[in-house]
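Take a look at the structure set out below.
The values are calculated or read from the model by the stated rules, or taken from the named source; none is laboratory data. Note that this is a predicted model, so its numbers are computed, not measured. Counting neighbours? That spans all protein chains shown, and the Cβs are built from the backbone with ideal geometry, glycine included. Surface areas here come from the heavy atoms of the whole protein model, side chains and all, with no ligands, DNA or RNA. Shrake-Rupley method; radii C 1.70, N 1.55, O 1.52, S 1.80 Å.
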Amino acid sequence: MLLQNFLEESAYKFPKKEALICGEERWTYEEINHKSNQLATFLRDQGICRGDRVAIFMDNSVESVISLFGILKADAVFLMLSPTLKPLKLAYILNNCQAKALVTHASKLNVLLDAFEATPTIQFTIFSGDKTKIPGHYLSKSTLWDEIFSSSCFSPLVPCCNIDLDLATIIYTSGSTGNPKGVMLTHLNMISAATSITTYLENVPEDIIINVLPLSFDYGLYQVLMAFKFGGTVVLEKSFTYPYEVIKKMVKEKVTGFPGVPTIFAILLQMDDLSRFDFSSLRYITNTAAPLPVPYIKRLREIFPHARLYSMYGLTECKRVSYLPPEEIDRRPQSVGRGMPNEEVWIVDESGKRVGPGVVGELVVRGSNVMRGYWADPEATDRVLKPGILPGEKVLYTGDLFKMDEEGFLYFVGRKDDMIKTKGERVSPKEVEEAIHALEGVAEAAVIPVPDEILGQAIKAYVVPKNGYSLKEKELILHCKKMLEDFAVPKYFEIRDSLPKNASGKIDKLLLKKEIERNGQ
Amino acid sequence: MVFKEEVLRFIRENFVLDEAEKLQENDSLLEKGIIDSTGVLELVSFIEEKYNITVEDEELIPENLDSINRIAEFIKRKLTNKA
C-alpha cells in the first residue's frame, strides 16, 4: 500500500464525489486523480526518478494537493514547504535535500528570486498563477502549470516501483543547531498514522473537513491525506485570516470536522454572537499544539453543542502521539490523553528505565508511525531513534518531558533540550537569536520560552543594544518578521543594558527563566 | 485619496517593511504575506480609531480589506453611510 492509493481508491469508489472545495472551485476525486496522473507523467518525462525530491512552495490550493499526489505517483518524495518561509531557509532546505524540481506560485516570486541563485540542484520549476509577473529569464527555464495539462495526448502513467518502505515525504522542522532538520517519513509511516487517527476520530465518507491550517504543517497535510483515505470532502482554506469567511463556509458546506489550534479558537471566541449560526452538522473539533484553557472548552461547547472535542498531542517525527477521548475532557482538561491505536508510549528516566505514575520523564513512542530518521544527519537521528524491544527495531525518544496519571493519561511538562514549543511548532532559540543578531546595533540576544495559555509556550527575547545604539521593540518585531517564519517571531521583547552571565561567561538563561517564574513575563 | 496614503503609511510602519515598500494599491495583502489574522485585527483597530467608525464582524472580509484600494473604498463607504 502506498500513500497515493488513498486518492486512487477513493477515485475508484467515488469518482464523481467532491474531494476538494477550494475557494469557488470544486474538484471531484476523479478529476484530482486524473490531474495528478498527468503531473506524474510530466515529472517522469522531465527526468524525475524514483526517490528524487520535489518541493512544493505555495499557499494551500488545489495545485498543492494535485502536486503532492503527482509527485508520489512519479515515485518521488514530496516536500510541502511553509508558504511563509524566508529566502535563506528556503535555499537551505532545497540544498539540504538536493531537491530536483519545484512547484510554486507566481505570488512567491519575491522570496524565490532571492533563493534561486543559491539552489543549483533545482533543474526546473513549475509556476502556477499569473505568468505576467514572472520575469522573462525565469519564464524560459520554467513550465507553466496550465501547460502541463493542456496536451490531450498523454503517455500512460508508468506503474510505481516504490514499496511502503520508501520515503513519501520529508518535513523540515526546527533543529537545535539553528538549521532545520528533515524528518524522513515513509509511505508506511504515514499510512499508519492516518489509519490510527481516522480510527479514533471514527471518520466516515460523509465527513466534510474544513482545513485552515497550512499543508506544510503536518496537522494540515493529514487533513487532506486522511479525508482522501476515507473518501470524505476537504474544504481547503488558505488561512484563518478572515474568520467570518471561514465560519460562513462551515455553515454553507455543512462541515462535520474542524481541526484547529488554540490560537484559532481564541480568535473564534472573540467574535460576537456566533449562536446565530447553524453549526448542527459539526460532529467533532480537534485541538493540538497546547491544551485548551478550561473556559474555552466551555464556550466551544456552547457554540458547537453537537461537536465532540478531541485534545491531542504529537510531533512531526511520528505525526501524532496521543488523543484524549472526548468524554474525558471535563475530568482531565490538561491531559493530552493516551497513545493512539496501534502505538505504544511510555515514560523513561535519565537512565532509560520506565517510570511510574506522577514521575516526570521523557516520552518514548513505539509504532509504525515513527520516522526513518533525519535526512543526511545520522548523528541527530541516533540521538532520538534508539534500539527498541525487538532486534533491529527503533523507538522514538521525543525529547518532550511528560508525566502520567494513575490511569495512564499523559500530561506535557516541558522540553528536555532548550527548544521552544509554540503554536504546535518547535522553534530553536538559536535560530531566533541569530535572526536578532542580524539587526544592526544588537550586541547580545537571548531567547527563552515563557508559559502561555494559548500558545503553549510563547517566545521571549532579551536584547542588549550596542553602545551608541538605541533599539525599539517595533523595530525588532519588524526585523524578526522579515527573517523568520511567523510562528518563530517572539511575542515579547525586553531591551536591557546587560544580561546575567554564568561562570563560563555565557548568558545565564536559567536565571532569566527563574525571573519569569517569579515575576511573570 | 487621503485614506490610501494614511492606510499605506500605517501598513509600512506596522508590517514587514520590504514588502510594504513595493506595495501596489491593488496588491493582495494576504497573497503578499503582509497580513495575517492578528494583522487584520490591528488594521481594523487602526481604521476604527482613526476614522471613528465601527467595523462589524461581517465586514471582516477580503472584499473590504485585502488591498490598499479596497480598504480606502471601504472607509469611504462607511463614512458616507454614517453621514
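Being β-branched (Val, Ile, Thr) and either touching a Gly at 6+ places or on another chain (Cβ under 9 Å) or in a strand (DSSP E or B) (or both) narrows it down to one residue among A:Thr119, A:Thr143, A:Thr132, A:Thr177; which is it? Before the answer, list the steps.
Values: A:Thr119 fails: either touching a Gly at 6+ places or on another chain (Cβ under 9 Å) or in a strand (DSSP E or B) (or both); A:Thr132 fails: either touching a Gly at 6+ places or on another chain (Cβ under 9 Å) or in a strand (DSSP E or B) (or both); A:Thr177 fails: either touching a Gly at 6+ places or on another chain (Cβ under 9 Å) or in a strand (DSSP E or B) (or both).
Selected residue: A:Thr143, the only one of A:Thr119, A:Thr143, A:Thr132, A:Thr177 that is β-branched (Val, Ile, Thr) and either touching a Gly at 6+ places or on another chain (Cβ under 9 Å) or in a strand (DSSP E or B) (or both).
Scan the stretch A:250-258 and give yes if some residue there is within 14 Å of chain B (Cβ to nearest Cβ), small (Gly, Ala, Ser), part of a strand (DSSP E or B) and crowded, with 20+ Cβ neighbours inside 10 Å, otherwise no. So far as the stretch A:250-258 goes, no, none of its residues is within 14 Å of chain B (Cβ to nearest Cβ), small (Gly, Ala, Ser), part of a strand (DSSP E or B) and crowded, with 20+ Cβ neighbours inside 10 Å. Where helices (runs of 4 or more DSSP H) fall entirely within the stretch A:1-96, those with at least 3 residues that are more than 22 Å from A:Ile148 (Cβ to Cβ) are at A:5-13, A:87-96.
So how many residues does the stretch A:98-112 have that are among the β-branched types (Val, Ile, Thr), within 14 Å of chain B (Cβ to nearest Cβ) and either part of a strand (DSSP E or B) or open to solvent by less than 10 Å² (accessible area, probe 1.4 Å) (or both)? Can you show your working first?
Let us first name the residues in the stretch A:98-112 that are among the β-branched types (Val, Ile, Thr), namely A:103-104, A:111.
Now restrict to residues that are within 14 Å of chain B (Cβ to nearest Cβ): A:104, A:111.
After this cut, where a residue has to be either part of a strand (DSSP E or B) or open to solvent by less than 10 Å² (accessible area, probe 1.4 Å) (or both) as well, the list is A:104.
Summing the residues that are among the β-branched types (Val, Ile, Thr), within 14 Å of chain B (Cβ to nearest Cβ) and either part of a strand (DSSP E or B) or open to solvent by less than 10 Å² (accessible area, probe 1.4 Å) (or both) in the stretch A:98-112 gives 1.
The residues listed here are A:Val359, A:Val348; of these, the one that is open to solvent by 30 Å² or more (accessible area, probe 1.4 Å), of a type in the set (A, V, I, L, M, F, W, C) and within 15 Å of A:Asp405 (Cα to Cα) is A:Val359. In the stretch B:21-48, the qualifying residues are those that are assigned to a helix (DSSP H, G or I) and at pLDDT below 80, and the one that is farthest from the other protein chains (Cβ to nearest Cβ) is B:Glu21.
Candidates in the stretch A:272-293 are the residues that are more than 10 Å from chain B (Cβ to nearest Cβ) and assigned to a helix (DSSP H, G or I); of these, the one that is modelled with the lowest pLDDT is A:Ser275. The residue that is farthest from the chain's Cα centre (by Cα), among those in the stretch A:382-423 that are crowded, with 18+ Cβ neighbours inside 10 Å, of a type in the set (A, V, I, L, M) and part of a strand (DSSP E or B), is A:Met404. Restricting the stretch B:20-29 to residues that are over 10 Å from the mean Cα position of the chain (by Cα) and open to solvent by less than 50 Å² (accessible area, probe 1.4 Å), the residue that is nearest to A:Leu269 (Cα to Cα) is B:Ser28. Going by what's in this entry, would A:Phe240 be described as assigned to a helix (DSSP H, G or I) and either within 14 Å of another protein chain (Cβ to nearest Cβ) or of a type outside the set (Val, Ile, Thr) (or both)? Answer is no for this residue.
Pick from A:Leu201, A:Leu213, A:Leu269: which is away from chain B (no Cβ under 14 Å) and of a type in the set (A, V, I, L, M)? Explain how you work it out, then say what you get.
On the way: A:Leu213 fails: away from chain B (no Cβ under 14 Å); A:Leu269 fails: away from chain B (no Cβ under 14 Å).
One residue alone meets the criteria, A:Leu201.
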